[in-house]
Amino acid sequence: MSEERRVVLIGGHGKVALLAAPKLVERGFAVDSLIRNPEHSEEISALGANPVVLDIENADVEQLAAAFRGAQAIVFSAGAGGGSPERTVAVDFEAAVRAMDAAKQAGVSRFVMVSYSRALVDVDNLDPENSFYTYAKAKHDADAVLRETDLDYTILGPGALTLDPASKKLVIADESGNIDGKAPEADTGKVSRENVAEVITHVVDTKAAVRQTVNFYDGSTPITEAIS
């Protein structure tokens, strides 16, 4: 299927996606931002992106595939945002898996998943009664499903998100989110949302880190050198 230079951002009104959309537009991409609330359309348009009203929590594979068809890349940056456990599973796991199936159905091979740095290991270390456990398991399981697909995926695992401006510099962590074998301290295990948006833009634009998981925090290495 022919591709155009178009990206579909799932979770288009999320804080990271709102930062990523204009960066992708600046790189020459047409950006379709999937949003649930039509009242957010004007805000999306102001960023140079195209608002597409589609509730991923309830959209089926065929509806998602129709939105994806012809795109160069899908970016899954949606999340329940601390809602009920049921909604966390519905969005962070079930909708994510449907999006993967839809990408395959639509013939879009490039799929970028925004996860978090300790998604691989938290599920084994947290008490299931911990309020964070449902989210950790949903992200862990969605990432695991994605790794088993034949999609050209990149799983991005940022640390704790901040509102700081983008430094465009990172430190890369290992598969467990550790640096030099140790979990980062609270003050070093952070990354600005705008840096995450920069990373999304970089991996989409350059096709870097295909079939890789990249865990990262704010650091001292330029993104273009840290992720290739």
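The values are calculated or read from the model by the stated rules, or taken from the named source; none is laboratory data. Bear in mind that the values here come from a model prediction, so they are computed numbers and not experimental data. A quick note on method: Cβ atoms are made from the backbone with ideal geometry, for glycine too, and the neighbour counts reach across all protein chains shown.
A Cβ distance below 8 Å, combined with a sequence gap of six or more or placement on separate chains, defines the contacts here; from region 59-78, residues that are in contact (Cβ under 8 Å) with a residue 60 or more places away in the chain and within 24 Å of residue 15 (Cα to Cα) reach residues that are among the hydrophobic types (A, V, I, L, M, F, W, C) and assigned to a loop (DSSP other than H, G, I, E, B) in the pairs 68/108; 71/108; 72/29; 72/108; 73/108; 74/108; 78/56. Taking (1) buried (at least 22 other Cβ atoms within 10 Å of the Cβ); (2) more than 25 Å from residue 25 (Cα to Cα); (3) among the aliphatic types (A, V, I, L, M) in turn, residue 114 satisfies each apart from (2).
For region 33-90, which positions are among the hydroxyl-bearing types (Ser, Thr, Tyr) and touching a strand residue (DSSP E or B) at 6+ places or on another chain (Cβ under 8 Å)? Full working, then the answer.
So the first thing to find is which residues in region 33-90 are among the hydroxyl-bearing types (Ser, Thr, Tyr), and the list is 33, 41, 45, 77, 84, 88.
Answer for region 33-90, where residues must be among the hydroxyl-bearing types (Ser, Thr, Tyr) and touching a strand residue (DSSP E or B) at 6+ places or on another chain (Cβ under 8 Å): 33, 41, 45, 77.
When region 117-153 is filtered for residues that are in contact with a His (Cβ under 6 Å, 6 or more places away or on another chain) and either more than 18 Å from residue 81 (Cβ to Cβ) or assigned to a strand (DSSP E or B) (or both), only 123 remains.
Here residue 156 meets the list (1) in contact with a strand residue (DSSP E or B) (Cβ under 9 Å, 6 or more places away or on another chain); (2) in a loop (DSSP other than H, G, I, E, B) almost entirely, failing just condition (2).
Looking across 24, 47, one residue alone is within 26 Å of residue 213 (Cβ to Cβ), touching a helix residue (DSSP H, G or I) at 6+ places or on another chain (Cβ under 9 Å) and of a type outside the set (Val, Ile, Thr). It is 24. When region 61-116 is filtered for residues that are modelled with pLDDT under 95 and not in a helix (DSSP H, G or I), the ones remaining, listed by number, are 79, 80, 81, 82, 83, 84.
Out of 187, 127, 122, 152, which single residue is closer than 28 Å to residue 21 by Cβ and more than 13 Å from the chain's Cα centre (by Cα)? Walk me through it before giving the result.
Working: 187 fails: closer than 28 Å to residue 21 by Cβ; 127 fails: closer than 28 Å to residue 21 by Cβ; 122 fails: closer than 28 Å to residue 21 by Cβ.
152 is the lone residue from the list that is closer than 28 Å to residue 21 by Cβ and more than 13 Å from the chain's Cα centre (by Cα).
Scanning region 47-60 turns up no residue that is of a type in the set (A, V, I, L, M), in a helix (DSSP H, G or I) and more than 17 Å from residue 107 (Cα to Cα).
Listed by first and then second residue, the pairs linking a residue in region 19-38 that is free of Cβ contacts under 8 Å to residues at least 60 places away in the same chain to a residue that is hydroxyl-bearing (Ser, Thr, Tyr) and surrounded by 20 or more Cβ atoms within 10 Å (Cβ to Cβ), with Cβ atoms under 7 Å apart and 6 or more places separating them unless they lie on different chains, are 21/33.
Within region 187-198, the set of residues being more than 11 Å from residue 217 (Cα to Cα) and either surrounded by fewer than 17 Cβ atoms within 10 Å (Cβ to Cβ) or among the aliphatic types (A, V, I, L, M) (or both) comprises just one member, 197. For beta carbons closer than 7 Å, sequence separation of 6+ or different chains, a first residue in region 158-185 that is in contact (Cβ under 8 Å) with a residue 60 or more places away in the chain and under 11 Å from residue 214 (Cα atoms) and a second that is basic (Lys, Arg) and surrounded by 14 or more Cβ atoms within 10 Å (Cβ to Cβ), the qualifying pairs are 177/118. Can you confirm whether residue 9 is farther than 20 Å from residue 200 by Cα and surrounded by 24 or more Cβ atoms within 10 Å (Cβ to Cβ)? Against the criterion (farther than 20 Å from residue 200 by Cα and surrounded by 24 or more Cβ atoms within 10 Å (Cβ to Cβ)), residue 9 does not qualify.
Condition check: touching a Gly at 6+ places or on another chain (Cβ under 9 Å) and at pLDDT 95 or above. Does residue 219 satisfy that? For residue 219, the condition - touching a Gly at 6+ places or on another chain (Cβ under 9 Å) and at pLDDT 95 or above - is not met.
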